[in-house]
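Remarks on the structure that follows.
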Amino acid sequence: MSGEILLFYASRDGQARRIAARIAERLSDNDAQVTTRDAAITPPTSADLEAARFVLLIAAVRYGRHLPEALRLLETYAAVPTKPPLAFASVNLTARKPGKDTADGSVYARKAIVRYRLDPTLATAFAGRLDYPRYSWRDRQIIRFIMWMTGGPTEPTAQVEYTDWAAVDAYAARLVEWI
């Protein structure tokens, strides 16, 4: 199959970027040629997507929504007449809870799939990282409020790695089967 494997990520605090890098590393370990791009810096064109052999999107959620650059990518992808296979992973703190770490269990992943009429080859949700000291004062207050509402940690110095790296590796292994 011709074309390249394009792995895009949309990240604010770096966790989606780290997850994308881990997946790219695992794919490269299996001799896949992957081009990784920050969707905010290098958004894909329709021609980029149409020429790709496979497209992966690792998209962070902020304040209940996927980042705008991720949504623009999905909108562009949805408009491509000849779509390459798509893998999609939503990165959010809600996925720290059992059952919320799947495409069906994640309201964010489900909404994106329905909104853009996607039929991803492989979709999931990964828990992100909570890192209050990194956030601006405003972001810290908003995230603390959200965590309070959802039963998460609210201590303003909390740093919690929720990402299940074994699950990320397993996702990458499943991707190898498709590409």
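Rounded to the nearest whole Å², what accessible area per residue is found for the chain with the 1.4 Å probe? Provide the component values of the computation, followed by the final result.
Details: 9120 Å² over 179 residues.
I get 51 Å² per residue for this part.
Considering the options 28, 141, 5, tell which one lies farthest towards the positive end of the dipole of the chain, charges being +1 on Lys and Arg and -1 on Asp and Glu at the Cβ, about the Cα centre.
141
Over the chain, with every protein chain in place, what whole percent of the accessible area is carbon and sulfur at 1.4 Å, could you tell me? Write down the numbers at each step before the final one.
Working: 4600 of 9120 Å².
Accessible surface attributable to carbon and sulfur in the chain totals 50 percent.
Place a +1 charge on the Cβ of each Lys and Arg in the chain and a -1 charge on the Cβ of each Asp and Glu, then give the dipole magnitude about the Cα centre in debye, rounded to the nearest 20. Could the numbers behind the result be given before it?
Working: 24 positive and 20 negative charges, 150 e Å.
Charge dipole of the chain: 720 debye, to the nearest 20.
Of the listed peptides 119-125, 18-24, 99-105, what is their order by residue-averaged count of other C-beta atoms within 10 Å, with the highest listed first? All intermediate terms of the calculation are to be shown ahead of the outcome.
Numbers: 119-125: 19.3, 18-24: 21.0, 99-105: 16.0.
Most protected by this proxy first, the peptides run 18-24, 119-125, 99-105.
Hey, what does the equivalent ellipsoid look like for the stretch 79-148, semi-axes from the Cα gyration tensor as sqrt of 5 times each eigenvalue, largest first, whole Å? It would help to have the intermediate numbers written out before the result.
On the way: eigenvalues 162, 38, 21 Å².
Working through the eigenvalues yields semi-axes of 28, 14, 10 Å.
For the chain, what does the relative contact order come out to in percent, with C-alpha contacts under 8 Å and a separation of six or more?
21 percent
Each residue of the stretch 91-104 in turn: what ³J(HN,Hα) in whole Hz from Karplus with 6.51, -1.76, 1.60 and θ = phi - 60°, glycine and Pro shown as x?
Computed from phi, the couplings for the stretch 91-104 are 10, 7, 6, 5, 5, 6, 8, x, x, 9, 9, 10, 5, 6 Hz.
When only C-alpha pairs under 8 Å and at least 6 residues apart count, what is the relative contact order of the stretch 29-123, in percent?
Working: 113 pairs, mean separation 26.3, N = 95.
Relative contact order, the stretch 29-123: 28 percent.
Share of Cα-Cα pairs in the chain beyond 24 Å, in percent?
Values: 5352 of 15931 pairs.
Beyond 24 Å sits 34 percent of the P(r) for the chain.
For the stretch 79-128, give the magnitude of the charge dipole about the Cα centre (Cβ charges: +1 Lys/Arg, -1 Asp/Glu; no others), in debye to the nearest 20. Write down the numbers at each step before the final one.
Numbers: 8 positive and 3 negative charges, 36 e Å.
Dipole size: approximately 180 debye.
Using the alpha-carbon atoms, what tilt in degrees (0 to 90, nearest 10) does helix 15-29 show relative to the longest principal axis of the chain?
Helix 15-29 sits roughly 40 degrees off the main axis of the chain.
If we count every other residue with Cβ under 15 angstrom of residue 100's Cβ, Lys/Arg +1 and Asp/Glu -1, where does the sum land? Walk me through the numbers on the way to the answer.
Details: positive: 96, 97, 110, 111; negative: 101, 104, 164.
Charge balance in the 15 Å sphere: +1.
The values are calculated or read from the model by the stated rules, or taken from the named source; none is laboratory data. Please read these numbers as outputs of a predicted model, since none were measured by experiment. All Cβ positions, even for glycine, are placed from backbone atoms using ideal geometry, and neighbour counts span all protein chains on display. These accessible areas exclude ligands, DNA and RNA; they are computed on the full protein's heavy atoms, side chains included. Shrake-Rupley method; radii C 1.70, N 1.55, O 1.52, S 1.80 Å.
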